[in-house]
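What follows is a set of notes on a single structure, which appears directly below.
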Amino acid sequence: MKILTVVGARPQFIKAAPVSRAIRKSYEEVLVHTGQHYDKAMSDVFFEELNIPIPEYHLHVGSKSHGAQTGEMLTKIEEVMLKEKPDCVLVYGDTNSTLAGAVAASKIHIPVAHVEAGLRSFNRRMPEEVNRVLTDHVSKWLFCPTQTAVNHLASEGIQKGVHLCGDVMLDAVIYNGALAKEKSTILERLDLKAGAYLLITLHRAENTDDPSRLSEIIKAINQIDQPTILPMHPRTKGKLVQFDLRITNPFVNCIDPVGYLDMLQLETNASKILTDSGGVQKEAFFAQVPCITMRDETEWTETVERKTNVLVGANSEKILHALAQFEVDFTRVDPIFGTGDAADQIVQQIHADLVEGK
Ligand code: UD1
Ligand code: UDP
């Protein structure tokens, strides 16, 4: 069995690591990196730390408008697929690399497996929502992290090929958690005390590309009165310059994006996490750290229902209020994201359907 995997953006490297490992135990994998993310801190660092094999193909597509980026990926991915003739194409999440991989494969009749299927924000202005809806609708296998995701697909008429397997990000955290504790020296390097700092990530287009939302968020960040670390996504760095906004708060240390092990260590030891990232909302849950999400809606509704995560939009008052007041009792929270064996389940299911013809 030959699986062709398409990745391109930071969270996809992290999601692909456990699945790649599971595939390569018994089967052949061709790894394609679209080049959507290309800075060392956004790409290479994850391949090195997570022992992800060097991609067989690097397409170097880089940053472009949605159409230009997705279009160039489509053309180049199709060429690779025609040459490699895989049995199946594996895509992750909801980026432009996901959509390009799924569309390229489905047009030439290669079955698509979508990991993290069924997620919905019901906000079609998000590029991610468009990418995930379209990808789900051309996929043969829809690997869902949660029952909510399964339900979303059912309400769109998709039941065949849907598998509830848990979240591959939990697999990654379980595999790397102890390693992060042992190897990461980030707390010492940044002079942070466990449990006594806030962690912030901010990159979602709906926040960074809208000057009024971004300035509200920066207004809140500039009023924080406790040690805070902010590994800054390159998109945000660019937009702050473009809109002439500055983080001037001496409590807030803005650093370059960090590697995964450092990130796990920062998350685990933070007192609270303020974010607009999808992956970081889940990792906050795994680390049992209260999560404050700077969005108006989330795909990870289960975390909000369990009151481990609170939505504050891009409202500086709500952000500051949650930072001061929001507390979580994790002792009574049930697990949501499976048991950490999603990667094995995904590979076994694809093999069963393709090779054993079950
Ligand atoms: C992309 C995904 C988003 C995901 C995020 C993960 C889409 C539409 N968006 O958003 O769903 O949450 O990745 O991080 O696919 N840049 C660099 N260096 C890099 C990469 C990006 O400088 O290595 C800068 C460029 O100015 C670029 C901007 O960041 O234009 C945005 O990059 P892009 O990949 O288009 O979108 P993300 O915001 O990273
Ligand atoms: N991450 C990281 N270093 C950072 C910021 C994030 O390793 O400086 C990891 C984080 O732990 C999570 C993933 O990147 O596993 C989330 O990616 P991101 O927030 O870019 O995208 P999203 O999940 O929102 O699509």
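Listing for the model above:
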item: Sole residue being within 16 Å of ligand 2 (Cβ to nearest atom), of a type in the set (Val, Ile, Thr), assigned to a helix (DSSP H, G or I) and at pLDDT 95 or above, chosen from VAL80, VAL45, VAL6; result: VAL45
item: Pair list, Cβ < 8 Å and 6+ apart or interchain, from the range 63-82 residues that are charged (D, E, K, R) to residues that are within 16 Å of ligand 2 (Cβ to nearest atom); result: LYS76/THR34
item: Within the range 240-276, tally of residues that are more than 15 Å from ligand 1 (Cβ to nearest atom), closer than 24 Å to ASN315 by Cβ and buried (at least 21 other Cβ atoms within 10 Å of the Cβ); result: 5
item: Qualifying residue in the range 208-221 (condition: within 11 Å of ligand 1 (Cβ to nearest atom) and either charged (D, E, K, R) or touching a residue at least 24 places away in the same chain (Cβ under 8 Å) (or both)); result: yes
item: Restricting the range 135-188 to residues that are of a type in the set (Asp, Glu) and under 19 Å from the mean Cα position of the chain (by Cα), the residue that is farthest from PHE46 (Cα to Cα); result: ASP136
item: Single residue of LEU274, LEU354, LEU323 found to be touching a strand residue (DSSP E or B) at 6+ places or on another chain (Cβ under 8 Å) and under 29 Å from PRO111 (Cβ atoms); result: LEU354
item: Qualifying residue in the range 225-239 (condition: buried (at least 21 other Cβ atoms within 10 Å of the Cβ), at pLDDT 95 or above, more than 11 Å from ligand 2 (Cβ to nearest atom) and over 20 Å from PHE286 (Cβ atoms)); result: yes
item: First in the range 310-338 and hydroxyl-bearing (Ser, Thr, Tyr), second anywhere and surrounded by 12 or more Cβ atoms within 10 Å (Cβ to Cβ), Cβ under 7 Å, 6 or more apart; result: SER316/GLU216; SER316/LYS219; SER316/ALA220
item: Among the residues listed as THR301, THR293, the single one being surrounded by 23 or more Cβ atoms within 10 Å (Cβ to Cβ), over 22 Å from TYR175 (Cα atoms) and either in contact with a Gly (Cβ under 8 Å, 6 or more places away or on another chain) or of a type outside the set (Phe, Trp, Tyr) (or both); result: THR293
item: Residue among PHE337, PHE285 that is within 23 Å of the chain's Cα centre (by Cα), more than 16 Å from ligand 1 (Cβ to nearest atom) and assigned to a helix (DSSP H, G or I); result: PHE285
item: Criterion violated by CYS88 - all others in (1) within 18 Å of the chain's Cα centre (by Cα); (2) touching a residue at least 40 places away in the same chain (Cβ under 8 Å); (3) over 23 Å from LEU261 (Cβ atoms) satisfied; result: (1)
item: Residues that are surrounded by fewer than 16 Cβ atoms within 10 Å (Cβ to Cβ) and not in a helix (DSSP H, G or I), drawn from the range 186-209; result: LEU190, ASP191, LYS193, ALA194, GLY195, ALA196, ASP209
item: Subset tally (residues that are away from ligand 2 (no atom under 12 Å from the Cβ), hydroxyl-bearing (Ser, Thr, Tyr) and touching a Leu at 6+ places or on another chain (Cβ under 7 Å)) for the range 168-185; result: 0
item: Unique match (being among the acidic types (Asp, Glu) and over 30 Å from LEU354 (Cα atoms)) among ASP171, ASP191; result: ASP191
item: LYS107 vs. criteria within 20 Å of GLY67 (Cα to Cα) and surrounded by fewer than 18 Cβ atoms within 10 Å (Cβ to Cβ); result: yes
item: Test set (1) closer than 30 Å to GLU156 by Cβ; (2) under 18 Å from the mean Cα position of the chain (by Cα) - ILE110 fails condition number; result: (2)
item: Count of residues meeting criterion [under 18 Å from LEU99 (Cα atoms) and buried (at least 24 other Cβ atoms within 10 Å of the Cβ)] in the range 16-52; result: 6
item: LYS64, sole failed condition from (1) in contact with an Asp or Glu (Cβ under 8 Å, 6 or more places away or on another chain); (2) away from ligand 1 (no atom under 13 Å from the Cβ); result: (2)
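The values are calculated or read from the model by the stated rules, or taken from the named source; none is laboratory data. Predicted model, so just to flag it, every value in this text is computed and none were measured. Backbone-built Cβ (ideal geometry, glycine too); neighbour counts: all protein chains shown.
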